[in-house]
Amino acid sequence: MSLNIIAEFPLALSGALTEQLCLLAEEILRDHQKNDFLVNLKFVDSEEMITLNKSFRHKEKDTNVLSFPADPEVIQMSKELGDIAICLPFMRSEAKTLNRNLDDHMMHLVAHGVLHLFGHDHIDEKDANLMESHEINYLKNFNIANPY
């Protein structure tokens, strides 16, 4: 399995969603020639996400997803590409505000997070457009509408 899902609280992910999340991660890894690599996905609460965001981005606020690429030595030794944190309460609220299906929104955030592990970003418009086009294409493969 290319996706290691971690939650320190009860998490009601359906088996179908778990399978889809894993397939999505596998597809992105395969496209980047990293078939045998692992991504850790941790679901966190708002308090933990604020702490992570403050510690690593110097922003004391909640957010939907953060990605933490592993050091090259760690990647080589463990085949772990990095970690993704998704704030479940933030994601749920955001999906409701955006009138999106919760499972589809989670799929989008996982695609977004994995692409960050490969160095994609959205700092400038050109890079944002490229990253968004990758996300749209991956989600289309799972019959998920363009989230933008």
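The values are calculated or read from the model by the stated rules, or taken from the named source; none is laboratory data. On a predicted model such as this, the values are computed, not experimentally measured, just so you know. When we count neighbours, we look across all protein chains shown, and the Cβ atoms used for this are built from the backbone with ideal geometry, even at glycine. All accessible areas refer to the heavy atoms of the entire protein, side chains included, with ligands and DNA or RNA removed. Shrake-Rupley method; radii C 1.70, N 1.55, O 1.52, S 1.80 Å.
The GluC sites (Glu not before Pro) of segment 49-119 that meet both conditions, a loop assignment by DSSP and at most 15 other Cβ atoms within 10 Å of the site Cβ, are GLU60. Between ALA12, ALA25, ALA70, the GNM of the chain built on Cα springs shorter than 10 angstrom shows ALA12 fluctuating the most.
Which parts of segment 12-47 would a label at ASN4 reach, counting a residue when its backbone N lies under 12 Å from a point 7 Å out along Cα-to-Cβ? Only 37-42 pass the distance filter.
Percent of Cα pairs in segment 55-107 per distance bin of 10 Å, from zero to the largest separation: 22, 37, 29, 11, 1. With Rh defined as the Kirkwood radius, the inverse of the mean 1/r over Cα pairs, the Rg/Rh of the chain is 0.93.
Spacing of the modelled spin labels on GLU47 and ASN129, each 7 Å from Cα toward Cβ, amounts to 4.4 nm. Surface composition of the chain: carbon and sulfur atoms hold 50% of the protein heavy-atom accessible area at a 1.4 Å probe.
Expected output is a single nm value to one decimal: the length gained when fully extending between GLU73 and ALA16, i.e. 0.36 nm times separation in residues minus the C-alpha distance. What is it?
Values: separation 57, 0.36 × 57 = 20.52 nm, distance 3.40 nm.
Residue separation times 0.36 nm, minus the Cα-Cα distance, leaves 17.1 nm.
ASN137 to LYS54: extension gain in nm, 0.36 nm per residue of separation minus the Cα-Cα distance? Don't jump to the answer; show the numbers that get you there.
Working: separation 83, 0.36 × 83 = 29.88 nm, distance 3.17 nm.
Additional length available on full extension: 26.7 nm.
A straight Cα-to-Cα reach below 21 Å connects LYS59 with the lysines LYS42, residues fewer than 8 places away in its own chain not being considered.
Within the full protein context, the accessible area of HIS116 is estimated at about 50 Å² for a probe radius of 1.4 Å. Cross-link reach is defined here as a Cα-Cα straight distance under 23 Å, omitting same-chain residues fewer than 8 places apart; for LYS140 the lysines meeting it are LYS34, LYS96, LYS126.
Stokes-Einstein, applied to the Kirkwood radius of segment 86-135 over Cα pairs at a viscosity of 1.567 mPa s and 4 °C, places its translational diffusion at 112 µm² s⁻¹. With the cut-off at under 14 Å, measuring from each backbone N in segment 61-102 to a point 7 Å along the Cα-to-Cβ line of ASP121 picks out 67-69.
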